Amino acid sequence: MKLGRVIGTVVATTQVEGLEGVKFLLVQPLDKTRKPSGQAIVAADGVAMAGPDDLVYYVSSREASLALPNTFVPVDDAIVGLVDAVELTTP
Amino acid sequence: MKLGRVIGTVVATTQVEGLEGVKFLLVQPLDKTRKPSGQAIVAADGVAMAGPDDLVYYVSSREASLALPNTFVPVDDAIVGLVDAVELTTP
Amino acid sequence: MKLGRVIGTVVATTQVEGLEGVKFLLVQPLDKTRKPSGQAIVAADGVAMAGPDDLVYYVSSREASLALPNTFVPVDDAIVGLVDAVELTTP
Amino acid sequence: MKLGRVIGTVVATTQVEGLEGVKFLLVQPLDKTRKPSGQAIVAADGVAMAGPDDLVYYVSSREASLALPNTFVPVDDAIVGLVDAVELTTP
Amino acid sequence: MKLGRVIGTVVATTQVEGLEGVKFLLVQPLDKTRKPSGQAIVAADGVAMAGPDDLVYYVSSREASLALPNTFVPVDDAIVGLVDAVELTTP
């Protein structure tokens, strides 16, 4: 999983079957010090509670659909948790 | 999923079984400000409505075939939605 | 899927079970203007017709084995089509 | 699999169903000489024994969930072993 | 699949269930001219015959476990063949 921050919403009315009702958010990947790193991705909101500026962790690839009510859909990035804290053991 | 723009069409008459009738498009990945980023990929058209210059989002890897009528085919990039708008929450 | 060009053949007599008779080719990934881009990969020949210098498109990861007669094999890159033409819609 | 070192803990109370009780650690990927290389990732602790500063190897993508008691969960990075030694054959 | 060379052995006594008896090797990815390229990875030895300095090709991601006797294990890199020769068709 990777750390990310929600930076936007994607609006799409024409989609493949099975994706109706799924919220898609624009997520900026972060490094361990929470600085932006790499390209923003479009992730399905698996916790259904993520909002603007939230710190989240998300899965990529096939298993992302397991975070959704309908698991047999073409989704490859999904938010699976809202992060409360990251404790570094080595500074 | 990633944001991309349709920039071309791929014509292939010799294919593995199961891919007959599937439209393949050349898609340029975009960053969050919609600037081209990285190499163009060949994606199956899962919505069957994508055309030149369309802004789309697409899945990569195994689950891409779930966007097609025949899901048991070797396809690893598929367009799953046409994007109407991207709303950034952080400027 | 990605565009590539066949640049060589890989000869391997010691392999895991299930790969007997599968042809492995060295494929150079190409960008949208067909210039080499990134490292060459070893791909199984799913169309069984690819030869030297052929322009092809290939799948990566798990679904690659779906392009082979025996689909339950450890293969993660496979050629799935010979490309006749790439038509760019934006120059 | 890749070599990594445990550098922190991720605390998340809001998660998708099925991830309750799974420990998530921040892992820094290492190169063959054990120098940090690339971005830290969030990995589930499959051995349930990994702690701060441990040298581990971890899997990425779909098969990561196979390292957990509940295998049908959206997890794509998991620690699968604690490394005792790495013996290089070529200096 | 990718070309690589065996450069070391990984010793790990604490592992997830199912990995007992599997040999893990440190493999350096190579480019088409057999020069090192990218970070070394930890691969399961699917052919059970790979040794120091061997030229191999290996699979990444989920299908890697198909190269092992027990296929339902969290392994994402596995050696699937020993390479006898690579014949380049374009110099």
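The values are calculated or read from the model by the stated rules, or taken from the named source; none is laboratory data. Keep in mind that this is a model prediction, so the values were computed, not measured. In this analysis, Cβ positions are derived from the backbone assuming ideal geometry, glycine residues included, and neighbour counts consider all displayed protein chains. Side chains included, ligands, DNA and RNA excluded: accessible areas come from the protein's heavy atoms. Shrake-Rupley method; radii C 1.70, N 1.55, O 1.52, S 1.80 Å.
Brief remarks on what is shown
- Top-ranked residue in segment C:1-17 [being over 14 Å from residue C:60 (Cβ atoms) and touching a Ser or Thr at 6+ places or on another chain (Cβ under 9 Å); ranked as surrounded by the most Cβ atoms within 10 Å (Cβ to Cβ)]: C:6
- Exactly one residue out of C:14, C:89, C:9 is without any contact (Cβ under 8 Å) to a residue 12 or more places away in the chain, of a type in the set (Ser, Thr, Tyr), closer than 17 Å to residue E:1 by Cα and facing another protein chain (nearest Cβ under 7 Å): that is C:14.
- The lone criterion from (1) surrounded by fewer than 24 Cβ atoms within 10 Å (Cβ to Cβ); (2) within 18 Å of residue E:72 (Cβ to Cβ) left unmet by residue D:46 is number (1).
- Residue A:23 passes every criterion in (1) within 19 Å of residue B:67 (Cα to Cα); (2) out of contact with any Lys or Arg (no Cβ under 6 Å at 6 or more places or on another chain); (3) open to solvent by less than 20 Å² (accessible area, probe 1.4 Å) apart from (3).
- When residue D:53 is tested against (1) acidic (Asp, Glu); (2) at pLDDT 90 or above; (3) over 11 Å from the mean Cα position of the chain (by Cα); (4) under 21 Å from residue A:61 (Cα atoms), just one condition goes unmet, and that condition is (4).
Yes/no matrix, rows are residues, columns are (1) within 11 Å of chain E (Cβ to nearest Cβ); (2) touching a Cys at 6+ places or on another chain (Cβ under 8 Å); (3) part of a loop (DSSP other than H, G, I, E, B):
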| site | (1), (2), (3) |
| --- | --- |
| C:4 | no, no, no |
| C:27 | yes, no, no |
| C:34 | no, no, yes |
| C:65 | yes, no, no |
| C:73 | yes, no, yes |
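- Taken together, the criteria exclude residue A:51 from residues that are facing chain B (nearest Cβ under 9 Å), free of Cβ contacts under 8 Å to residues at least 60 places away in the same chain and in a strand (DSSP E or B).
- Identity of the residue in segment B:26-43, closer than 19 Å to residue C:79 by Cβ and of a type in the set (A, V, I, L, M, F, W, C), that ends up farthest from the chain's Cα centre (by Cα): B:40
- Positions within segment E:49-91 being of a type in the set (D, E, K, R) and surrounded by fewer than 24 Cβ atoms within 10 Å (Cβ to Cβ), in sequence order: E:53, E:54, E:84, E:87
- Test: residue in segment C:4-15 that is modelled with pLDDT of 95 or more and of a type in the set (Lys, Arg): yes
- Taking first residues from segment D:36-48 that are more than 10 Å from chain A (Cβ to nearest Cβ) and partners that are part of a loop (DSSP other than H, G, I, E, B) and open to solvent by less than 20 Å² (accessible area, probe 1.4 Å), the Cβ contacts under 7 Å between residues at least 6 apart in sequence or on separate chains come to D:46/D:68; D:46/E:16; D:46/E:74; D:47/E:16.
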